[in-house]
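Nothing in this text is a laboratory measurement; each read-out follows from the coordinates by a stated rule. This one's a predicted model, so the numbers in the text were calculated from it and none came from an experiment. Cβ atoms come from the backbone with ideal geometry, glycine included; neighbour counts cover every protein chain shown.
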Amino acid sequence: MLKNKRTWLVALVLALIAGGAAVALGQRLTGDDGRGDKLGVQLPDGPVGGGDDEPGRTRVYVDNAGPVVSVSIRTTKRPWATSLRVEVGGVSTTVRRDRPATGATGRCEPTVTDEPTSLLSRVDLPRSCLTGDTSTVDATVRVDGGRPVTASSQQTRQPNVLMIMVDDMRTDELQWMPNVQKLIADRGVTFENGFASLPLCCPARSSVLTGLYPHNHQVWSEKPPWGFSALRDSNTLPVWMKRAGYYTTYMGKYLNGYGRDPVPGSDTGTSTQYCPPGWDLWRGSIDGGLPKDDPNDGGTYRYFDTTLNDNCNGYLNLRDTYQTTAYADLASDQLDTDAGQDRPWFNYISFTAPHHGAPREPDDPDHLVTPARPERVRGILDDYIAEAPGADWLDPDRSDKPSRIRKPPPGEAMKAEMLDVTRQRAEAVYVVDHAVKKILGRLKATGQLENTMVVFTSDNGYFLGEQGERQGKILPYEPSLRVPVVVAGPGVPKGEVRTDPFLSIDFAPTLAQLGDASHGSLDGTSLLDVARLGDESPTSMWSRTVLTETPPLPSVRAALDRRDPVGAHTKRTLQGKTTGIRTGRYLYTEWLVGPHNKHPGATAELYDVLKDPEQYDNLAGDPAYHDVVARLHEVLARARACRAEQCRVPLPPDLR
């Protein structure tokens, strides 16, 4: 946690020499665009192309980009009750509860997206069906026969997409990212309930790319028979975006085993020169696969010796350059190229930090692992971090926990090592923040900022002492499940917060909707309208079923060791995986005990995260919560095997 300091100390200036930038650290760090000036782009408080009525009961947004024109509506107090009338581009549509929409028919029949429990509705119409000049589209909406709400939008090209992914970052580590806060969160929306459905790198990243839960994409772990080779990569977000006309680029960490393991569909060879479908420019970092004496041999987790597949035309070795800094330079150069494109682009930048990696450094702890950092940032945050976030986590009674996590509290020596890990991770995150500053500065300098949707997130969270775990991820508790999600760009209001959950499986459908990219059935849902207009749920107790999954137990044990999961797994160990449900109030988990698991202890956990945010008190055995456990068990029994729309069935009202 942060030290308590006098006010005058809070204003202490830290000299961060990364790129020659000087950044003042106060109660909050401040950001700029990497060129010494503020970005200077003013976004309206409400959505661009939008309108609302007094006193904001209804918000409307018109998306006038691409072949489909969409009108999105959000009511504030409650879902509309009797009728929704939308007039757009000379076409009138009326929607009533439990009745087909009236208006145009045939190819011009509108597509209506609406749920009775949701505050959000959307009407989509082919542009060719609108009358007159559609360079500007006006829309009028009446909710339940009330006063009209109008909105207008000029036609634009599909927005560009800049997606920035980091590795193993906790939500509270955003405090070490002043530029992400200033240039993305303050200019856009923060989803305060971002979750990794399975908090482990490879499964989580596979969900981001496919929009599917792990039980449907079947990438359960890092190593064979899962890992990179297990992903069916012919039907992923980049494939859809490219098909929709986007120029697609990828740089950085991909899926664990890429480079070393066989290409999907093969049992032999390596993948060092494999370019996954959908990417026009591929620069994925290889994770082994080359001989040790090869001059291009480098690794994803070698911070000063990274090798990229250079679009299947050899290799790009970044030796002697800190990986995060090199990625920022390459990404900025790519934006110069993108500025000359006559089509929208989708750039995916995947940093390894703050995941642990080589080389070991003199100040590294003896028993825990840390990311390498540039010399210039070592120690700059020491005065502001007094202990690991979970150093004081102490459950007085762990008898109600599964035995596999009943660890004794750390001693003072281990707490000191956990502090080292916390500080070094913060420094690595701080360098990523400088990289984001440089990239967004180039985005502004090339005139592309205002028409680019910027997304920042992590694949999963991380333990730093909570639940007795000195470090690690994978277990289904809040520090591991939670991820930062911040979004800024066209139509997104500035400085707002959303409480609706944003899951790993939601990135693909959200960005596909933004790009008018068609796809098949997905488990996730688009949250583009939530970002632009507001939460779907009228209260913080969301109605959505949020499924958590944990891979086979050998992966769990290895991931909590000082290395990532190692060793071969067999599919029989799937009997040892766990599943759970996260609602706005409860975190419920069932540990599925297979015939090869001899661990005693609790097989179900229930926590009231509003009253017990540290998840100390397991309520699963409390008679007062018998009905809650029974209801959550019913929901979980359906969710753990769900597909597509089955995964989007709302929670029963009594669980919201």
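Express as a percent, rounded to the nearest 5, the fraction of DSSP beta bridges in the chain (both residues included) that run antiparallel.
70 percent
Stick to the Cα atoms of region 196-306, pair each with every other, and give me the Kirkwood hydrodynamic radius in Å at one decimal.
14.4 Å
For residue 130, which sequence-distant residues (separation of 5 or more, or a different chain) have an amide H within less than 5 Å of its own amide H, given hydrogens modelled in the peptide plane?
When sequence neighbours closer than 5 places are left aside, there are no close amide H contacts.
What share of the DSSP beta bridges in region 219-368 is antiparallel, in percent to the nearest 5?
30 percent
Is the shape of region 615-656 best called rounded, prolate or oblate, per the rule: a/c under 1.5 gives rounded, else a/b larger than b/c gives prolate, else oblate, with a ≥ b ≥ c the square roots of the Cα gyration tensor eigenvalues? List each step's numbers first, then the result.
Values: a/c = 2.58, a/b = 2.12, b/c = 1.22.
Prolate, because a/c is 1.5 or more and a/b exceeds b/c.
Fully extended, how many nm does the chain gain between residue 135 and residue 329 (0.36 nm per residue separation, minus their Cα-Cα distance)? If you can, show how the numbers build up before the last one.
Numbers: separation 194, 0.36 × 194 = 69.84 nm, distance 3.71 nm.
Full extension from residue 135 to residue 329 adds 66.1 nm.
Considering amide H positions built from the backbone, and no H for Pro or chain starts, which residues 5 or more places from residue 155, or on another chain, come under 5 Å of its amide H?
The list, which skips near neighbours in sequence, is 136, 137.
Starting from the Cα of residue 540, step 7 Å along the direction of its Cβ; do the same at residue 266; then give the gap between the two resulting points in nm.
Between residue 540 and residue 266, the label points sit 5.2 nm apart.
What share of the DSSP beta bridges in region 160-533 is antiparallel, in percent to the nearest 5? Walk me through the numbers before you get to the answer.
Values: 14 of 42 bridges.
Within region 160-533, antiparallel bridges account for around 35 percent of the total.
Using a Förster distance of 35 Å, how high is the FRET efficiency between residue 407 and residue 611, based on the Cβ-Cβ distance and rounded to 0.05? All intermediate terms of the calculation are to be shown ahead of the outcome.
Numbers: r = 24 Å, r/R0 = 0.69.
In this case the efficiency is close to 0.90.
Show me, for region 619-628, the HN-Hα J-couplings you get by feeding each phi into the Karplus relation (A = 6.51, B = -1.76, C = 1.60, θ = phi - 60°), rounded to Hz, glycine and proline as x.
8, 4, x, 7, x, 5, 10, 4, 5, 4
Roughly how many nanometres apart are two label points built 7 Å out from the Cα toward the Cβ at residue 622 and residue 319?
The two pseudo-label positions are separated by 6.0 nm.
Cut-off is 10 Å between beta-carbons; in what order do 519, 217 appear when sorted fewest neighbours first?
On the way: 519 19, 217 23.
Lowest to highest Cβ neighbour count: 519, 217.
With a ≥ b ≥ c the root eigenvalues of the C-alpha gyration tensor of region 160-533, is it rounded (a/c under 1.5), prolate (a/b larger than b/c) or oblate?
Numbers: a/c = 1.36, a/b = 1.25, b/c = 1.09.
In terms of gyration-tensor shape, rounded.
Over the chain, what is the relative contact order in percent, taking alpha-carbon pairs closer than 8 angstrom and at least six residues apart?
Working: 1583 pairs, mean separation 115.2, N = 656.
Result for the chain is 18 percent.
Quote to one decimal, in nm, the extra length available between residue 518 and residue 281 on full extension: 0.36 nm per residue of separation minus the C-alpha distance between them.
On the way: separation 237, 0.36 × 237 = 85.32 nm, distance 2.12 nm.
So the chain would gain 83.2 nm between residue 518 and residue 281.
Cα gyration tensor of region 50-154, axes a ≥ b ≥ c as square roots of the eigenvalues: rounded (a/c below 1.5), prolate (a/b > b/c) or oblate? Don't skip to the end; give the middle numbers.
Working: a/c = 1.93, a/b = 1.27, b/c = 1.52.
The shape class here is oblate.
Quick check on the exposure proxy: order 215, 367 from fewest to most C-beta atoms within 10 angstrom.
On the way: 215 22, 367 12.
If I rank by nearby Cβ atoms, fewest first, I get 367, 215.
Return a whole-number percent for the relative contact order of region 225-316, with Cα pairs under 8 Å and 6 or more residues apart as the contact set. It would help to have the intermediate numbers written out before the result.
Working: 188 pairs, mean separation 24.5, N = 92.
Relative contact order of region 225-316: 27 percent.
With θ set to phi - 60° and the Karplus curve 6.51 cos²θ - 1.76 cosθ + 1.60, what are the ³J(HN,Hα) couplings of region 606-615 in order, to the nearest whole Hz, using x for Gly and Pro?
Couplings: 9, 10, 8, 6, 6, 8, 9, x, 7, 6 Hz.
Test of understanding: what is the full-extension gain from residue 117 to residue 150, defined as 0.36 nm times their sequence separation minus their Cα-Cα distance? Kindly include the intermediate steps, with their values, before the conclusion.
Details: separation 33, 0.36 × 33 = 11.88 nm, distance 2.38 nm.
Gain in length upon complete extension: 9.5 nm.
Rank the residues 275, 108 as a footprinting-exposure proxy: fewest other Cβ atoms within 10 Å of their Cβ go first. Don't skip to the answer; put the middle values down first.
On the way: 275 19, 108 13.
Neighbour counts put them in this order, fewest first: 108, 275.
Round to a whole angstrom and tell me the spacing of the C-alpha centers of region 64-141 and region 291-327.
Each part's Cα centre sits 50 Å from the other's.
Please list 3J(HN,Hα) in residue order for region 208-220, calculated via the Karplus relation 6.51 cos²θ - 1.76 cosθ + 1.60 where θ = phi - 60°; whole Hz, with x for glycine and proline.
4, 6, 9, x, 10, 5, x, 5, 9, 8, 6, 9, 8
Listed here are the pairs 444/473; 401/473; 292/415; 253/437; 223/577; 415/473; which of them are more than 27 Å apart at the Cα? Mind showing how you got there, number by number?
Working: 444/473 36 Å; 401/473 17 Å; 292/415 37 Å; 253/437 20 Å; 223/577 15 Å; 415/473 18 Å.
Correct reply: 444/473; 292/415.
Just to check, using Stokes-Einstein with a Kirkwood Rh over alpha carbon pairs, what's the diffusion coefficient of the chain at 20 °C and 1.002 mPa s in µm²/s?
On the way: Rh = 25.6 Å.
So the translational diffusion coefficient is about 84 µm²/s.
Taking 7 Å along the Cα-to-C-beta vector as the label spot, tell me the residue 376-residue 68 distance in nanometres, rounded to one decimal.
About 4.6 nm, to one decimal.
Please give every one of the aspartates and glutamates within straight-line cross-link reach of residue 182, meaning a C-alpha to C-alpha distance under 20 Å, and leave out same-chain neighbours fewer than 8 residues apart.
32, 33, 37, 45, 172, 173, 192, 427, 433, 450, 496
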